[in-house]
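Here is the structure we will look at.
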Amino acid sequence: MLQPASLFTDGAVLCRDREIRIFGRAESGKTVTVQLRDARGSLLAEESGTSRNGRFEIPLPPQRAQAGCTLTVSTEGERVTAEDVAVGDVYLAGGQSNMELELRNSAGGAGQVRDDPLLRFFNVPRKAFVCEEQQRAVRETRWNPVNRETAGYNSAVASIFGQIVRTRHPEIPVGIIGCYWGGTSVTCWMDDETLGSLSEGIRYRQAYQALCGGKTMEQYLAEEAAFNAYCEDWNTKADAYRAGHPDAGWEEVQETVGRFEWNPPAGPGSPYRPAGLADSMLAEIAPVSLTAVLFYQGEEDASRTDCYDVLMTAMIRYWRSIFRNAELPFLFVQLPMWLDNGAEDTFQWPKTRLAQAAVRDSVRNTGMICLLDEGEYGNIHPVNKQPVGIRLAELAERMIYHGTGEVSPHAVGRFVRGNTMIVVMSAKVRTKDGEAPRLLEIAGEDGRFVPAEGEVEEGVLRIRAEQVKHPAAVRYAWCDWSDRVNLTGENGLPLEPFAL
C-alpha cells in the first residue's frame, strides 16, 4: 500500500533551500517516516507523520544543493528507497504546444544535447481525465537524466534553458517537470472554483458546455478515436514526405499531403475543457516544492478573450496556492510574431502581448521575455527554440540567481512636446540595421492611428506624424505579424511592443 509519488523515485530532484514536501499514498492511520541521506550515508533529515484518507505528506527541512542522496519512505513493515536522488533547482515547464514542442522536432534537434546526469526531466503523462489508465501512467512515470537517447523527447525550450542553467551553475542539479498540452487554453490549467470566481472564467466554461451539447463520455471517446485516427494518418503521410524533402516547410507539406484540419471534438473527456488538465495532470504533482515556473502559452486564447491578463493572473494565483508558495516565481514568454498563410491581420496577438506584459507589471515576482523579433509566417510552431530557451535562462539569471541576465527594454512612460510624442525607455534603444525605427504609429484625439516617424535619442523615442498636430496616443508593433522589427536594446534584445 505504501506508494510515494513518482516524483520521489530513483533519480528524483528535490528542491534546494526550501521545505521539501514528500507525499504519496499509504494506509490511513499509519505512521510514515521519511529519511534523506547524503552520498556518504549521513542523515540529512528525518521526519514522520500520519497518513490520512489514504495519503501522506511529510515536510523535510531545506537542504543545500548536492547529488548522490538516498530517500527512504517507510511504515511499519514497508519500506521504499529511491537512489541517486539530487537536491537542486526544480522548474515546472508548463503551457501549450510551443512549450511542448520536442527537442527532436526543433531546429538543430537532439544534436544540440550533451549528456548531463544532473539535468533531469519528469514529464507528466498527457492524460485528459482521471481514470485507471491515467493513474497507471502516473505511477509508472520516472525521472530521466538528459542523454542522447532520451533528450529528444523533452521540451525543446526547457531543454535549452536547462542546459544553459547547468553550464552557468554546474554545482546545482536541475530537474524540470514537463506539464503541458498543445492547443490548451489558460483556463484548462486552473480549477473550477477559480474559474467560477471570474466572469471571464464562467464565460469560457459556459461556451464549452454549449459545444459539448450534453454529449456522453462514450460519444466523446468514439469521436476522439476517429479524430486521432485522422491525425495519425495525416502525420504518417507528412512524415513520409518530410523524409524525402527535409527542408520542406509547413505550407509545402500541406500542399502535398493535404491541408491538416485541426478540429478536435468537444466533450467531457477532452483535454481542452476548462479545468480539465488542472485535475488530471497538475494535481498529480502538487504540492511538490518548486524553484520557479517556466510558462509559454497564449496562442489559444488570443482570439477568444480581451481579458487574458485577468485569466493568467488567476492561474498564477491558483498555481501558487496548490504549490504552497505565495512568492513562486513565474517566468513566461510573450507571444512572438505570427500570421497564418494568406490570413488578414486580426490585431488580436498584439492585444494578448500587452495583456501578458500587464501581468508582468502587476503581479509580483513575475518576469517575461520578449520574442517580437521571432516567429514564422504561416507556422504557429516556430522550430527555432534557441532564442526562447536562451532568453528564459537570462531572465532566470536575473530573477533566480540574482545575476545580471539580459532582458528586453520596454516603454515606461510618455509625454507630449508640441507635435511630438516622447516615449521614455527602461534602457537605451537603437535600430539594429541603422535605419529609421519601423512599426510606429501615432494618433490624435480622434483615436485614428497613422504610421509615424521615429527618432532614437538616448533613452527615449521621439515619434511624430505630419498629419497629427496634437498627439494623444502612440503604439509600437501593433500587428500579429511583421518581419520589419528593428528596434532593440543595446544588448540586441528586441524592444517590447507598447501602446500608450
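The values are calculated or read from the model by the stated rules, or taken from the named source; none is laboratory data. Note that this is a predicted model, so its numbers are computed, not measured. When we count neighbours, we look across all protein chains shown, and the Cβ atoms used for this are built from the backbone with ideal geometry, even at glycine.
Of all the numbered requirements in (1) out of contact with any strand residue (DSSP E or B) (no Cβ under 7 Å at 6 or more places or on another chain); (2) in a loop (DSSP other than H, G, I, E, B); (3) in contact (Cβ under 8 Å) with a residue 12 or more places away in the chain; (4) closer than 20 Å to residue 369 by Cα, residue 433 misses one, and that requirement is (4). Residue 133 meets each of the listed conditions (1) crowded, with 24+ Cβ neighbours inside 10 Å; (2) out of contact with any strand residue (DSSP E or B) (no Cβ under 7 Å at 6 or more places or on another chain) apart from (1).
Here is a yes/no grid of residues against (1) surrounded by fewer than 18 Cβ atoms within 10 Å (Cβ to Cβ); (2) in contact with a Pro (Cβ under 7 Å, 6 or more places away or on another chain); (3) of a type in the set (D, E, K, R); (4) in a loop (DSSP other than H, G, I, E, B):
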{"residue": "27", "(1), (2), (3), (4)": "yes, no, yes, yes"}
{"residue": "36", "(1), (2), (3), (4)": "no, no, no, no"}
{"residue": "39", "(1), (2), (3), (4)": "yes, no, no, yes"}
{"residue": "47", "(1), (2), (3), (4)": "yes, yes, yes, no"}
{"residue": "58", "(1), (2), (3), (4)": "no, no, no, no"}
{"residue": "63", "(1), (2), (3), (4)": "no, no, no, yes"}
{"residue": "69", "(1), (2), (3), (4)": "no, no, no, no"}
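The single residue among 400, 422 that is among the β-branched types (Val, Ile, Thr), in contact (Cβ under 8 Å) with a residue 24 or more places away in the chain, over 24 Å from residue 382 (Cβ atoms) and in contact with a Pro (Cβ under 8 Å, 6 or more places away or on another chain) turns out to be 400.
From the set of residues in segment 309-351 that are among the aromatic types (Phe, Trp, Tyr) and part of a helix (DSSP H, G or I), which is surrounded by the most Cβ atoms within 10 Å (Cβ to Cβ)? Only one residue fits best here, namely 349.
Taking the criterion of being outside any loop (DSSP other than H, G, I, E, B) and either among the acidic types (Asp, Glu) or touching a residue at least 40 places away in the same chain (Cβ under 8 Å) (or both), the residues of segment 226-248 that qualify are 232, 233, 239.
Results for (1) touching a helix residue (DSSP H, G or I) at 6+ places or on another chain (Cβ under 9 Å); (2) on the phi < 0 side of the Ramachandran plot; (3) loosely packed, with under 14 Cβ neighbours inside 10 Å; (4) of a type in the set (Gly, Ala, Ser), shown as yes or no for each residue.
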{"residue": "452", "(1), (2), (3), (4)": "no, yes, no, yes"}
{"residue": "460", "(1), (2), (3), (4)": "no, yes, no, no"}
{"residue": "463", "(1), (2), (3), (4)": "no, yes, no, no"}
{"residue": "470", "(1), (2), (3), (4)": "no, yes, yes, no"}
{"residue": "484", "(1), (2), (3), (4)": "no, yes, yes, no"}
{"residue": "495", "(1), (2), (3), (4)": "no, yes, no, no"}
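None of 225, 240, 229 is loosely packed, with under 15 Cβ neighbours inside 10 Å, over 30 Å from residue 129 (Cα atoms) and modelled with pLDDT of 90 or more except 240. Of all residues in segment 33-46, none are within 33 Å of the chain's Cα centre (by Cα) and among the hydroxyl-bearing types (Ser, Thr, Tyr). If you go through segment 259-307 and keep only what is touching a residue at least 60 places away in the same chain (Cβ under 8 Å) and farther than 21 Å from residue 98 by Cα, you end up with 268, 269, 279, 284, 285, 287, 288, 289, 290, 291, 307. The helices (runs of 4 or more DSSP H) located wholly in segment 97-216 that include 1 or more residues which are over 14 Å from the mean Cα position of the chain (by Cα) occupy 132-140, 156-168, 192-196, 199-212.
Would you be able to say whether some residue in segment 436-447 is of a type in the set (Gly, Ala, Ser), outside any loop (DSSP other than H, G, I, E, B) and within 34 Å of the chain's Cα centre (by Cα)? No; the residues of segment 436-447 include none that is of a type in the set (Gly, Ala, Ser), outside any loop (DSSP other than H, G, I, E, B) and within 34 Å of the chain's Cα centre (by Cα). With respect to (1) under 17 Å from the mean Cα position of the chain (by Cα); (2) modelled with pLDDT of 95 or more, the lone exception for residue 381 is condition (2). Yes or no: residue 398 charged (D, E, K, R), in a strand (DSSP E or B) and either crowded, with 16+ Cβ neighbours inside 10 Å or modelled with pLDDT of 95 or more (or both)? So residue 398 fails the test.
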